[in-house]
Structure formats: structure tokens, C-alpha cells
1. Tell me, how many Å apart are the Cα centres for segment 178-215 and for segment 232-265?
2. With axes computed from alpha carbons, what is the tilt in degrees of helix 134-150 against the longest principal axis of the chain, rounded to the nearest 10 within 0 to 90?
3. Order of Arg236, Arg303 from fewest to most other C-beta atoms within 10 Å?
4. Test of understanding: in a Gaussian network model of the chain with alpha carbons linked when under 10 Å, which of Ile102, Ile233, Ile221 would top the mean-square fluctuation ranking?
5. Take the Cα of Glu183, step 7 Å along the line toward its Cβ, and report every residue of segment 115-134 whose backbone nitrogen sits under 20 Å from that point.
6. Need the full-extension length gain, Arg3 to Ala123, defined as separation in residues times 0.36 nm minus the C-alpha distance. One decimal, nm.
7. Which residue fluctuates the most in the chain, going by a Gaussian network model with Cα springs under 10 Å, if the choices are Ala292, Ala231, Ala209?
8. Most fluctuating residue of Glu135, Glu148, Glu176 in a GNM of the chain with Cα springs under 10 Å: which is it?
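None of the figures in this text is laboratory data; all of them are computed from the coordinates on show. Note that the structure is predicted; figures quoted are calculated from it, not measured. All Cβ positions, glycine included, derive from the backbone under ideal geometry; neighbour counts span all protein chains shown.
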Amino acid sequence: MIRHFLEFERPIAELEGKIEELRHLSTTGELNIADEVGRLESSANRLLRQTYARLTPWQKVQVARHPERPHALDYIGGLITDFVRLGGDRAFGEDAAVVGGIGRFRGRSVVVLGTEKGADTEARLKHNFGMARPEGYRKAQRLMRLAERFGLPVLTFVDTAGAYPGVDAEARGQAEAIARAIETCLDLKVPLVAAIIGEGGSGGAIALAAGNTVLMLEHAIYSVISPEGCASILWRDGEHAQAAAEALRLTAQDLQRLRVVDRIVAEPLGGAHRAPKEAVEDLGEALDEALAPLLAIDGSTLRVQRREKFLAMGGAGL
């Protein structure tokens, strides 16, 4: 498989390219270069560790958008057994940008929701790059109420640049649908654990992320607006996206300090895209740990705690 390298990863790409060349020569039997390969691998791992230990906010934006990063369906496929997808908002139609259904998480029945970007061109077009229309958010409301009716916990996987901004979406009540989805999250009397797995963009993300516990992957981002959108408003120039990323405080580390997210889930060295299976397993462990204490709390208390948690954010210096 040809790996996609980000701009700041070029030195790493060059080292790994040399390693592959030497391995190819070694398989021909002409040279014994194990020592040289080992030395280069150590250098590459050290450089990878150093690079990812000091990522800038803009570099984290790039990692969060990496095309090989695991998406919602990857987490659902890896963590949820007996998954049955449910579709439609019972009002207008189906929206593939929001996937949802019923399944089992470690033996417990749950309702699962996620925003899916798609892994290739065909899938991205099908899922509208993870940008939901009103029917997607209304489907989410329907499934959350279904979970409440049957006493099932809700797990959400958030990865979206934001809600779809098209004229047709606005005509069908995009703002109202997002607001109602947030209201539904806050009103549920069952546990809701949300995970920001890539991009968490504006209200389109909050609509599925107003949970009792909010997890965020180490190199994910979560912001009121994209850096490019912020730059176009503040500087009238999208070229200032890097400066906007710095100002927005959109990294997991920033958001944990601001008490917007509850826990950062570490990613494999070099980001979730380098070891997708490991990333899925690690998030599964974090979800299990977050969900367990919530199962012992009665529904009314869960609702009160969730609402108070988000109301308190206004006093956290945001």
C-alpha cells in the first residue's frame, strides 16, 4: 500500500523510502543490509516520535483530516457486533452522512450514531463528505429517542467539517434540526458517550456530541469553525488558516484544559492513520471505561448532570 504523507512528514517519508529500497535489495540476495535497515528504522521512529510530540495546531488539523485516518464506520465495524443499520428521519428521507443503528458493544445493547466522511471518492460522494443535511440530524434525534425508549446507552462517533451549508439544507430547516438534535442529546435519560475521532466542526458536531462524557482522540480537532472559514472572516483571506488554527484553540489538549472534553485518548505513534486497528481498539477501551460508571446512574440524574455540565462551560473562560 502506498502511504499518504503530509507535508511536514517529508523527512520521515524519505527515511522510510530508503528503508523500503534497502529491503527490496535484501530480498534479491545480493546484499546483507540488516544492520543498515535497523539503523534507519531507529532513526525513522525517533524522528516520527519527535515530530508528533511537537505538532502545531495547523499540523494537527492536517492529521485530523488525513485520508487514511479511521472513520466512523471503521470504529463501528471494529467495536460493534450484530450491528443493524437504521435509516430515514420519517419525514423527508435518508442522509448517508449520518450512520446509525442498533448493535452490541462488549455484549451490551447500544444505539450507535456517527458522521461518516467516506474512505474513497465514491464513498465520500455517497456520504457527502460527512456533512449532514437536516434529515441526518432528524434521523439522529429519532434513534436517540429510540434508545431512550428501550433504555439503551448511546455511543456517537463524530467526524465532520460541519453541517452541509447548501441552499436545499437551509430550506429544510438546517439550523432547527441541529438545535433539536442538541436538545435531544441534553434531554436523554440514558447514558450518552461521544467521541471526537477526526474533525469536530461547529454545530454539526455538537449535535451528536453533547454527551455525559466526551472523549477526543489525541490528534483530533474540535472547533466552532474551520481554520479556513475563520481566516476568511477575520483576515478576508483563507491563506491565514494557520494563524486561525493557532487562535481557535482547537486541539484536544486545549479543549481538555477548557473542560470542553473530558478525556484525551492517545493515538498510536504517528497518528491513528498509521495503525488503524490499534486506534480502534484503544478507543474501545476508553469508551468502555467511560460508559461503565454511567450505567449505574438513574436516568433523571444522567439528564441533570449532562445539562449542568454544558451550562457550566460558560463559566470556564470560554
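1. 19 Å
2. Approximately 70 degrees, to the nearest 10.
3. On the way: Arg236 8, Arg303 19.
With the sparsest Cβ surroundings first, the list reads Arg236, Arg303.
4. Top of the fluctuation ranking is Ile233.
5. 133-134
6. Details: separation 120, 0.36 × 120 = 43.20 nm, distance 1.92 nm.
Gain in length upon complete extension: 41.3 nm.
7. Top of the fluctuation ranking is Ala292.
8. Evaluated over the chain, the most mobile residue of the options is Glu176.
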